[in-house]
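Scroll down for the structure; my scribbles are underneath it.
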Amino acid sequence: MDKKKLRNDIILILAVLIAALAAWGVIALTQRPGREVLVEIKGSVTASYPLDRDLRIDIVTEDGHVNTLVIEGGRARIEAADCPDKLCVKQRAISKAGESIICLPHKLVIRISGESGVDGTV
Ligand SMILES: [Zn+2]
């Protein structure tokens with residue numbers, strides 16, 4: 001009786017482990033090495049740029065508003081914007097997985113992709 005229960009537990013643990021490994025494998029396969037800067041407008045990703053390559057680009061929203069994204073030395077920030085509050089410009093540069101800069105008036109989010117915490121560097 002107890003033995004059977006133990007075996008069931010082991011099977012359950014194995015199943016969970018396999019599922020976790022499979023999920024990890026999918027993440028490892030779909031995510032390229034190195035982090036990326038994701039540009040989200042109104043909740044959908046419209047562009048992505050490698051964080052390790054310096055870049056200066058104007059992100060233009062549907063309404064014709066502009067946020068100037070700068071990637072420099074592994075950090076991303078909004079250098080200029082024509083939004084009324086300029087909160088996105090004032091936000092600190094981001095470099096870690098999961099960090100983001102949000103421009104509410106433009107419904108724009110700059111986000112660092114990547115596996116936050118998994119690689120232990122955060
Ligand atoms: Zn803004």
| query | So which lysines pass the test for K42, namely a Cα distance under 27 Å, with those fewer than 8 places away in the same chain ruled out? | reply | K86, K90, K96, K107
| query | With contacts defined as alpha carbon pairs under 8 Å and 6 or more residues apart, what's the relative contact order of the chain in percent? | reply | 20 percent
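Percent of accessible area on the chain owned by carbon and sulfur, 1.4 Å probe?
Ligands and nucleic acids excluded, carbon and sulfur give 60 percent.
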| field | the chain, accessible area per residue, ligands and nucleic acids excluded (1.4 Å, Å²) | value | 68 Å²
| Using Cα atoms only, what is the angle between the long axis of helix 2-30 and the major principal axis of the chain, expressed in degrees (0 to 90) to the nearest 10? | 30 degrees
| query | Taking a Cβ-Cβ separation under 4.7 Å as the criterion for a possible partner, which cysteines of the chain have none? | reply | C83
| Computed E for V66/A28 - FRET, C-beta separation, R0 22 angstrom, nearest 0.05 | 0.05
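The values are calculated or read from the model by the stated rules, or taken from the named source; none is laboratory data. Because the structure is predicted, anything quoted here is derived from the model rather than measured. Don't worry about glycine lacking a Cβ; one is built from the backbone with ideal geometry, like all the others, and counts go over all protein chains shown. Note: accessible area is taken over every heavy atom of the protein model, side chains too, but ligands, DNA and RNA are not part of it. Shrake-Rupley method; radii C 1.70, N 1.55, O 1.52, S 1.80 Å.
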